[in-house]
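Quick note: the coordinates plus some simple rules give every number you see, no bench work behind them. Please read all numbers here as calculations on a predicted model, not as lab measurements. So basically every Cβ, Gly included, is an ideal-geometry build from the backbone, and we count neighbours across all protein chains shown.
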Amino acid sequence: MNWYPGHMKKTYDMLKENLRVVDLVIIILDSRVPNSSLNPQLDKLITNKEKIYLMNKSDISDEKVNKEWLRHFENKNFTVVENNSIKNKKNKKLFDCISKVENKIRIKFEKKGFKNKTIRILVVGVPNTGKSTFINYLTKKKSVKTGNKPGVTRGKQWIKIKNKYEILDTPGILWPNLNNDKIKYNLAVTGLIKDNIIDDVELSMYLLKYLKTYYIEILKDRYNLKANEYKGVEDILEKISRNKGYLLKDNEIDYERCAITILKDFRNGDLGKISLERPKEG
């Protein structure tokens, strides 16, 4: 499986070409993995633009850790806002933030003699962070196609909002070279890259190791585990499989089926509010 498919190179080139006509960039992050979902290649590309960092899916990430990330980004002078576009609750902080940035942009336009100019907004992020869902939330209609897997958006499209804004939706884009295994695993666990890049069982073991360290009570409650039944993640995976009856012939463990269940529970938020990264981890 190619980590950096050809259409992502085309997307990157398209972004470079369209940035000159863009006034504001909204960068969508996954609140569960803010650092891993912050594409450094995109960040460098848009250094001279007004930016808002949107911590999306904040309803399924750890609220306490979210606050740590907000402080972390604000200390770096990032304009950052939490968001959950799936439930379509009005996000006053987000709209206040957009209005504040919009006023700065319009003041610049007016100094150049432009009045009532349409503000052009670029929405970017790695695949499956919720860009299209977020745009539908802003436009209050199904303007773009959405899906729960990466790669749904494959081409650019401009969407108008009441002749006041034009929003450019773009396909998700990864960075060409990634040697950091932690980031790669975080992107895979959260479903931000295709499932077949890393083996499901290996991926579930990575997730269980983190949950055992930070969210062991959630694991115990969800999968009916007892403290004396496990020592390592292999024991946990086996016990969950047996508790759920995921067995093959001769009472052998169906690790693959169990791994898929655990990953699905995490991605859907059925395990609870979980974050896989903390600022203090570096």
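A viscosity of 1.306 mPa s and a temperature of 10 °C, combined with the Kirkwood radius over C-alpha pairs in the Stokes-Einstein formula, give region 7-47 a diffusion coefficient of 140 µm²/s.
Quick one: Debye curve from the C-alpha atoms of region 185-225, no solvent, what's log10 I(q)/I(0) at q = 0.19, 0.20 Å⁻¹? Evaluating at q = 0.19, 0.20 Å⁻¹ gives log10 I(q)/I(0) of -0.58, -0.63.
Alpha-carbon geometry of region 199-281: the Rg and the Dmax are 12.6, 46 Å, given in that order.
When only Cα pairs below 8 angstrom with a gap of at least 6 residues are kept, region 6-169 shows a relative contact order of 25 percent. Listed by chain and number, the aspartates and glutamates whose C-alpha is less than 15 Å from the C-alpha of residue 104, apart from same-chain residues fewer than 8 away, are 23, 50, 96. Going through the cross-link list 131/264; 92/112; 90/239; 162/194; 244/280; 111/160, which pairs have a Cα-Cα distance over 32 Å in this structure? In this structure, 90/239; 162/194; 244/280 exceed 32 Å between Cα atoms. At q = 0.13, 0.14 Å⁻¹ the log10 of I(q)/I(0) for region 1-76 amounts to -0.49, -0.56, computed by Debye summation with a single uniform scatterer per C-alpha, solvent ignored. Taking a ≥ b ≥ c as the square roots of the eigenvalues of the alpha-carbon gyration tensor, the chain is classed prolate because a/c is 1.5 or more and a/b outweighs b/c. Net charge in the neighbourhood of residue 49 (other residues with Cβ under 13 Å of its Cβ; Lys, Arg +1, Asp, Glu -1) is +4. Each other residue within a Cβ distance under 14 Å of residue 112 adds +1 if Lys or Arg and -1 if Asp or Glu, for a net charge of +4.
Nearest 20 debye, what's the magnitude of the dipole of the chain about its Cα centre given +1 on Lys and Arg Cβ and -1 on Asp and Glu Cβ? Kindly include the intermediate steps, with their values, before the conclusion.
Numbers: 57 positive and 36 negative charges, 411 e Å.
Dipole size: approximately 1980 debye.
Over region 6-169, what is the percentage of antiparallel beta bridges among all DSSP beta bridges, to the nearest 5?
Here the share of antiparallel DSSP bridges comes out near 20 percent.
Bridges between two residues of the chain, per DSSP, are antiparallel at a rate of about 25%.
Give me the tail of P(r) for region 6-169 as a percent: Cα-Cα pairs with distance above 26 Å.
Counting every Cα pair in region 6-169, those more than 26 Å apart make up 24 percent.
Our note on the geometry: Cα centres of region 1-72 and region 198-220, 26 Å apart. Summarising the amide proton neighbourhood of residue 120: residues at separation of 5 or more, or on other chains, whose placed amide H is nearer than 5 Å comprise 23, 24, 166. With a threshold of 20 Å on the Cα-Cα distance, the over-threshold entries among 182/212; 209/231; 100/273 are 100/273. Between residue 244 and residue 281, take the C-beta separation as r, use R0 = 25 Å, and let me know the FRET efficiency to the nearest 0.05. Efficiency for this residue pair is about 0.20. For residue 220, the aspartates and glutamates whose Cα falls under 19 Å of its own Cα, not counting residues fewer than eight places away in the same chain, are 62, 229, 234, 235, 238, 265, 270.
Are there trypsin sites (Lys or Arg not before Pro) in region 180-282 that DSSP puts in a loop and that have at most 14 other Cβ atoms within 10 Å, and which ones? Don't skip to the end; give the middle numbers.
Values: sites: 182, 184, 194, 209, 212, 220, 222, 226, 231, 239, 242, 244, 249, 257, 264, 267, 273, 280; in loops: 194, 226, 231, 273.
Answer by residue number: 226, 231.
Contact order for the chain, expressed relative to its length and based on alpha carbon pairs under 8 Å spaced 6+ residues apart, stands at 21 percent. Specify which residue in the list 248, 80, 48 is farthest towards the positive end of the charge dipole of the chain, using unit charges on the beta carbon of Lys, Arg (+1) and Asp, Glu (-1), about the Cα centre. Checking the options against the dipole of the chain, the answer is 48. The residues 69, 175, when put in order of fewest to most other Cβ atoms within 10 Å, stand as 175, 69.
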